[in-house]
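The next block holds one structure in the form of structure tokens; read it before the comments.
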Amino acid sequence: MHRELRLSEEMSAGPARLRVDVLGGPPREHVLDDMNFLDYRLADVRLEPAVTLLEPDVVWDVEGEKDISYDGRAMHLRGDWAAGPLQKVVVAILALRMEAVGLHPSHSSAVRYRDKTVLFLGGESNHGKSMGQIEACRRGGLLVSTETTVIDEDCRAVMGSKDVFLKKRATGTERADKAAPTQGVDKFWGEMPTWEQFDEPSFVDVVIVPAIDGNFDASTVEMIPFERQFQTLHSLQNYFLLNELLAPGFAMPMVDTEPLRKARAEFVQRLADRPYYFIRAATPQVLLDEVDTVL
């Protein structure tokens, strides 16, 4: 059944563009009322004043029976979907569009510290990238990124998210394990330190894979090529939600392809051609003491 086009909206992250069409349902001003999650996950997502793309990348038929599918180019949603799953779909498809123009969102934080751009990689376990960034900035480092660092084909950090924590999750994505994001700040610093930003593109000089746990003795190990690439690929795959549940009964459709994965692995190999260190520490302060020894 043909539905009336209620809204066509275009979003951008740098030069990447994404169009969302909404069919049927009541009139609406925007697809998403809150853009904070998109900025948190993809650095700087903007609503464009006009639609320029000829075809939609996401089509939402509000009045259809609830379902979701991917046709190899566009995501198709039908029925009633909460804001949280819609946000995740937009992130995944926009991340694909970013890759198509040579920009790679990485689940990592970054600082300009002691005249070097230091990347704290989330990797497989994601234990310390935010705490490392906060402590580096407390010691005088400049903020490049918090949750996401966007890295270009030349391995430069070119954009980054600026909010350390996502304080509110949209309906449909609430999680008890993410309910108190600032407790670590209270424990290690008492209050959130302040810092300045570093907004110029800069080559990634060194990568830290942190593991903060109160039971750890401090240790620093330079990583071999396989584990550098293994951990880096984890941080890139994070955006395509291949292991995500969108809503009860609905897994995220497969948006990845073999050619995309091959190109991503080639980028990972280039990015991993620089020093990587796996650092265990009991606190962010000890972590940065270890970082200082390798810079």
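Filtered by the rule that a residue be in a strand (DSSP E or B), closer than 23 Å to P105 by Cα and touching a helix residue (DSSP H, G or I) at 6+ places or on another chain (Cβ under 8 Å), the stretch 44-63 gives V45, V58.
Condition test on V185, is it β-branched (V, I, T), outside any loop (DSSP other than H, G, I, E, B), surrounded by 14 or more Cβ atoms within 10 Å (Cβ to Cβ) and modelled with pLDDT under 95? Outline the logic, then answer.
Numbers: β-branched (V, I, T): yes; outside any loop (DSSP other than H, G, I, E, B): yes; surrounded by 14 or more Cβ atoms within 10 Å (Cβ to Cβ): yes; modelled with pLDDT under 95: yes.
Judged against the criteria, V185 is a match.
Against the test of being at positive phi and under 20 Å from the mean Cα position of the chain (by Cα), the options L241, L233, L271 yield a single qualifying residue, L241. Pick from the stretch 121-132 the residues that are touching a Gly at 6+ places or on another chain (Cβ under 8 Å) and over 25 Å from E266 (Cβ atoms): which of them is surrounded by the fewest Cβ atoms within 10 Å (Cβ to Cβ)? Restricting to residues being touching a Gly at 6+ places or on another chain (Cβ under 8 Å) and over 25 Å from E266 (Cβ atoms), the top hit is S130.
Taking the stretch 29-60, which residues are open to solvent by 70 Å² or more (accessible area, probe 1.4 Å) and free of Cβ contacts under 8 Å to residues at least 24 places away in the same chain? Result: E29, P49, L54. Please find, within the stretch 235-247, the residue that is farthest from G72 (Cα to Cα) out of those that are open to solvent by 60 Å² or more (accessible area, probe 1.4 Å) and either among the hydrophobic types (A, V, I, L, M, F, W, C) or modelled with pLDDT of 95 or more (or both). My answer is L245.
Among the residues making up the stretch 271-293, those that are assigned to a helix (DSSP H, G or I) and surrounded by 14 or more Cβ atoms within 10 Å (Cβ to Cβ) are L271, P284, Q285, V286, L287, L288, D289, E290, V291. If you go through the stretch 238-258 and pick out every residue that is free of Cβ contacts under 8 Å to residues at least 12 places away in the same chain and either among the hydrophobic types (A, V, I, L, M, F, W, C) or in a helix (DSSP H, G or I) (or both), you end up with 3.
For the stretch 200-216, a residue qualifies if it is modelled with pLDDT of 95 or more, open to solvent by 70 Å² or more (accessible area, probe 1.4 Å) and either closer than 18 Å to A282 by Cβ or in a loop (DSSP other than H, G, I, E, B) (or both), and exactly one does: E200.
For the stretch 142-165, does any single residue satisfy the condition of being in a helix (DSSP H, G or I) and open to solvent by 10 Å² or more (accessible area, probe 1.4 Å)? No, every residue in the stretch 142-165 fails to be in a helix (DSSP H, G or I) and open to solvent by 10 Å² or more (accessible area, probe 1.4 Å).
The values are calculated or read from the model by the stated rules, or taken from the named source; none is laboratory data. Computed from a prediction, not measured in an experiment: that's the story for all the values here. FYI the Cβ positions are ideal-geometry reconstructions off the backbone, even for glycines, and counts take in every protein chain you see. All accessible areas refer to the heavy atoms of the entire protein, side chains included, with ligands and DNA or RNA removed. Shrake-Rupley method; radii C 1.70, N 1.55, O 1.52, S 1.80 Å.
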